[in-house]
Amino acid sequence: PPESAPAPASRPEEASGRVTFGSFNTLGKISGDVVRVWAKVLAGVGGSRLVLKGKMFHDSAVRMSWIEKFRVHGIEASRLDLLPLTRTNREHLALYSRVDVALDTY
């Protein structure tokens, strides 16, 4: 890892008692089918959360549209963390400490 990288952290589940999934993919890669599958994953793991990070999440209208994409599949907004880009690579790497399981697109 880069010298500026934060130290490894404990899994978030150890502190919170719930699993946090995450994806820092470009939002354009997250199709409607991917949202549907990820919503099923969240529904199947009680109390779990999803952290998504994307350039466009600085815009509240974009955040609201993504909240709606999950809401139609039964996932409440309170289970989503929609994060904009970070200023530094160190801040970006530190966000991985908020994720137990990384999800990828297909």
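The values are calculated or read from the model by the stated rules, or taken from the named source; none is laboratory data. What you see is a predicted model, and the numbers here were worked out from it, not measured in a lab. Cβ coordinates were reconstructed from backbone atoms using ideal geometry, including for glycine residues, and neighbour counts include every protein chain displayed. To get the accessible areas, we keep the full protein, side chains included, count just its heavy atoms, and leave off ligands, DNA and RNA. Shrake-Rupley method; radii C 1.70, N 1.55, O 1.52, S 1.80 Å.
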What is the sum of charges around Pro84, taking Lys and Arg as +1, Asp and Glu as -1, for the other residues whose C-beta is under 14 Å from the C-beta of Pro84?
+1
The relative contact order of the chain, taking Cα pairs under 8 Å that sit 6 or more residues apart, comes to a percentage of 41
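Placing +1 at every Lys and Arg Cβ and -1 at every Asp and Glu Cβ, with all other atoms neutral, what dipole size does the range 21-106 have around its Cα centre, in debye to the nearest 20?
On the way: 13 positive and 8 negative charges, 18 e Å.
Using only the charged Cβ atoms, the result is roughly 80 debye.
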Measure nothing but the geometry: give the 0 to 90° angle between the long axis through the Cα atoms of 60-71 and the longest principal axis through the Cα atoms of the chain, rounded to 10°.
60
Which net charge results for the neighbourhood of Phe24, defined as the other residues with beta-carbon distances under 11 angstrom from its beta-carbon, given Lys and Arg at +1 and Asp and Glu at -1?
+3
Counting only heavy atoms of the protein chains, get the accessible area per residue of the range 1-40 (1.4 Å probe) and round it to a whole Å² value.
62
FRET efficiency (Ser60, Thr86; Cβ distance; R0 22 Å; to 0.05) is 0.75
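Which length gain, in nm to one decimal place, applies between Glu3 and Ser97 when the Cα-Cα distance is subtracted from 0.36 nm times their residue separation?
Extra length available between Glu3 and Ser97 comes to 32.1 nm.
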Hey, any idea what % of the chain's accessible area is carbon plus sulfur with a 1.4 Å probe?
54
Between the helical axis of 32-44 and the dominant principal axis of the chain, each derived from Cα atoms, what acute angle in degrees is found, rounded to the nearest 10?
80
Pairs of alpha-carbon atoms within less than 8 angstrom and 6+ residues apart define the contacts here; what relative contact order does the range 18-62 have, in percent?
59
Near the amide H of Thr105, under 5 Å away, which other amide H atoms are found, from residues 5 or more places off or on another chain, if H is placed in the peptide plane?
none
Taking Rg and Dmax of the Cα atoms in Å as the quantity of interest, determine which of [x] 13.4, 39; [y] 13.8, 43; [z] 44.4, 152 was computed from the displayed structure.
[y]
